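The values are calculated or read from the model by the stated rules, or taken from the named source; none is laboratory data. Not measured: the values here are computed from a predicted model. Cβ placement follows ideal geometry from the backbone for every residue including glycine, while neighbour counts extend to all protein chains displayed.
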Ligand code: FES
Ligand SMILES: [Fe+2]
């Protein structure tokens, strides 16, 4: 048996498979730079990373760049309409190939103008005809796995990773149920947040609504908490309510919509959350991007039927940006400080048998994915 990457320490309480028997993972997992380094390799270099929506790569030559922590990747739609992804680095002397997003017929390096086609093949290297044995085929861009899933685009630096649609089987049906036109939505807006907390604190927080009554007065006026349920599956969990409390809530107001829907959210391993609010069609992604062990950048991208939001959608976006997110960020930044307190190490998950709206089983599901990915041994009895 290989040695675990992370070991429990003498005074840690056990993390167990059954959420009702388990303690939360130890506090140092949220600020220790060694844990953070281990996560880079064991989690982020092996997982599917959300990078945008089909509408952002609509035409041949459309491209966008994304940073998977310290690795820049370019995603491009080629001339035949397929998506390709490459490490965003020129194969001459290593300059960054392209920046931001846009549309190009050829990817040309700004340093010495080596030019690559949209399939990553080197098409022009100035003066290389004088170099003995120079073979352009040896200098194609290095490919990365890419997948369009219901219009959401993911990349994975691990060439051996199973396809996203296999890993997240079942998620697509749920997304389409709550946002039937998901593939045809268009990108409307990105809101960026800078949070003084470890990325896992933000994910933990998303994964339970035990805190919603005390901390989100307007959200619980909008969404019927009695019907809020979290369900865990493989690499994702869903968090849905089948009823709204009021169409003229303190959060925002909207016309009467479908009567089986209050709110839907999903967590997708490792760092993506997806949201659908009641009212006019909408879906947004909120991705937690680690920036060191105790800081996270969050990108919330909104996808709606037209680029310019209606008043109702604008109100929902403003609520999220000005009310809900500041409430959650305040909670998470306080937790990050508390995790470093000499007076805290681990708590217990509050979990009930019927997996009610107060149950934290989805937090345990996420922490178990972390423990497994890090090959941590946290149970002194069962190790
Ligand atoms: S580094 Fe790109 S052309 Fe030289
Ligand atoms: Fe919250």
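Residue 126: surrounded by fewer than 16 Cβ atoms within 10 Å (Cβ to Cβ) and more than 24 Å from residue 52 (Cβ to Cβ), yes or no? Yes; evaluated as a whole, the condition is true for this residue.
Taking the stated definitions as given, is residue 370 surrounded by 16 or more Cβ atoms within 10 Å (Cβ to Cβ), within 16 Å of ligand 2 (Cβ to nearest atom), in a helix (DSSP H, G or I) and at pLDDT 95 or above? No, not satisfied. Scan the range 144-155 and tell me whether some residue there is more than 24 Å from residue 296 (Cα to Cα), at pLDDT 95 or above, within 16 Å of ligand 1 (Cβ to nearest atom) and surrounded by fewer than 20 Cβ atoms within 10 Å (Cβ to Cβ). Checked the range 144-155: no residue is more than 24 Å from residue 296 (Cα to Cα), at pLDDT 95 or above, within 16 Å of ligand 1 (Cβ to nearest atom) and surrounded by fewer than 20 Cβ atoms within 10 Å (Cβ to Cβ).
Results for (1) in contact (Cβ under 8 Å) with a residue 60 or more places away in the chain; (2) over 20 Å from residue 19 (Cα atoms), shown as yes or no for each residue.
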| site | (1), (2) |
| --- | --- |
| 219 | yes, yes |
| 229 | yes, no |
| 237 | yes, no |
| 246 | no, yes |
| 254 | yes, yes |
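The requirement of being surrounded by fewer than 17 Cβ atoms within 10 Å (Cβ to Cβ) and touching a strand residue (DSSP E or B) at 6+ places or on another chain (Cβ under 9 Å) is satisfied by residue 103.
Identification of strands (runs of 3 or more DSSP E) wholly contained in the range 145-231 with 2 or more residues that are in contact with a strand residue (DSSP E or B) (Cβ under 6 Å, 6 or more places away or on another chain) and within 16 Å of ligand 2 (Cβ to nearest atom) yields 186-195. State whether one or more residues within the range 342-356 are in a helix (DSSP H, G or I) and touching a strand residue (DSSP E or B) at 6+ places or on another chain (Cβ under 7 Å). Checked the range 342-356: no residue is in a helix (DSSP H, G or I) and touching a strand residue (DSSP E or B) at 6+ places or on another chain (Cβ under 7 Å). Residue under question is residue 82, and the condition is that it be closer than 30 Å to residue 368 by Cβ and out of contact with any strand residue (DSSP E or B) (no Cβ under 6 Å at 6 or more places or on another chain); does it hold? For residue 82, the condition - closer than 30 Å to residue 368 by Cβ and out of contact with any strand residue (DSSP E or B) (no Cβ under 6 Å at 6 or more places or on another chain) - is not met.
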